[in-house]
Amino acid sequence: MDTKKDNRDRLIRIAAHLFRTRGFHATSMNDISREMGIRKSSIYYYIKSKDDLLFDISRITTEMLIPVAEEAAFSDLEPEKKLRLIIDNHVKLIAENFDFFFTSLHELQSLTERKQEVLDIRDRYERLVRGIIRSGIQNGTFRDIDVKIATFTLLGMMNWMIRWYHADGPISYEEIADIFSEIFINGIKKVN
């Protein structure tokens, strides 16, 4: 028997899928209830509004990135290995939670009241990545480059996967992570 949490989690997964395939604004609560197999009025037992669903999807997605980023940032690993952990995790999470990441990245502008909460989590992630790049510059591993631009470049490269990645495509997400690591780390690495 499903619990309230199980049903809520299922509702969020269904909404993420529908928001990805139809768009946030084009998806109605009727669409979500029909896909879930319940009456529209029953949805409100789990959430208050469609906006709350989008907020939950965006918050959950962004929070997924934090644990490994913190682990990497605060570890004793070399900056290259820290970045590799970040890249491997980010790419894996996009591949395994594609509906969530697509919706979160594509519909960010549709968030209203609670958008800043999601942006605060995203900014925390960006600060962790910037810190790793900065430490690599300081210890001589990476060239003296603009840390903010380098961070945006890395995140943009990974997040753009939502536009072209297909799970059944010719290249695995592990191979994509390897390629991203090669391109990015070799691009900022100091050459002696």
- [ ] Report whether or not ILE149 is surrounded by fewer than 17 Cβ atoms within 10 Å (Cβ to Cβ), assigned to a helix (DSSP H, G or I), out of contact with any Phe, Trp or Tyr (no Cβ under 8 Å at 6 or more places or on another chain) and modelled with pLDDT of 95 or more.
- [x] yes
Open item on the list: Restricting to the range 130-174, count the residues that are farther than 17 Å from PHE102 by Cα, without any contact (Cβ under 8 Å) to a residue 60 or more places away in the chain and of a type in the set (A, V, I, L, M).
Closed with: 7
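Just for the range 87-107: of the residues that are among the β-branched types (Val, Ile, Thr) and within 19 Å of LEU154 (Cα to Cα), which one is farthest from the chain's Cα centre (by Cα)?
First, the residues of the range 87-107 that are among the β-branched types (Val, Ile, Thr): 87, 91, 94, 103.
Next, only the ones that are within 19 Å of LEU154 (Cα to Cα) stay: 87, 91, 94.
On the way: ILE87: 11, VAL91: 9, ILE94: 6 Å.
By that ranking, first place goes to ILE87.
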TODO: Can you work out which of the residues in the range 113-142 that are in contact with a helix residue (DSSP H, G or I) (Cβ under 6 Å, 6 or more places away or on another chain) and not in a helix (DSSP H, G or I) is nearest to GLY187 (Cα to Cα)?
DONE: PHE142
Open item on the list: Go through (1) modelled with pLDDT under 95; (2) in contact with a strand residue (DSSP E or B) (Cβ under 9 Å, 6 or more places away or on another chain) for GLU107 and report which single condition fails.
Closed with: (2)
Open item on the list: Can you pull out every residue in the range 22-35 that is under 22 Å from THR112 (Cβ atoms), assigned to a helix (DSSP H, G or I) and touching a residue at least 12 places away in the same chain (Cβ under 8 Å)?
Closed with: MET29, ASP31, ILE32
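Looking at the range 15-48 only, could you name the residues that are among the hydrophobic types (A, V, I, L, M, F, W, C) and surrounded by 20 or more Cβ atoms within 10 Å (Cβ to Cβ)? First the steps, then the outcome.
Here is the first cut: in the range 15-48, the ones among the hydrophobic types (A, V, I, L, M, F, W, C) are 15-16, 18-19, 24, 26, 29, 32, 36, 38, 43, 47.
Those that are among the hydrophobic types (A, V, I, L, M, F, W, C) and surrounded by 20 or more Cβ atoms within 10 Å (Cβ to Cβ): ALA15, ALA16, LEU18, PHE19, PHE24, ILE32, ILE43.
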Open item on the list: Filter the range 70-84 down to the residues that are in a helix (DSSP H, G or I) and within 19 Å of GLN138 (Cβ to Cβ) and list them by number.
Closed with: ALA72, ALA73, PRO79, GLU80, LYS81, LYS82, LEU83, ARG84
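The values are calculated or read from the model by the stated rules, or taken from the named source; none is laboratory data. What you see is a predicted model, and the numbers here were worked out from it, not measured in a lab. So basically every Cβ, Gly included, is an ideal-geometry build from the backbone, and we count neighbours across all protein chains shown.
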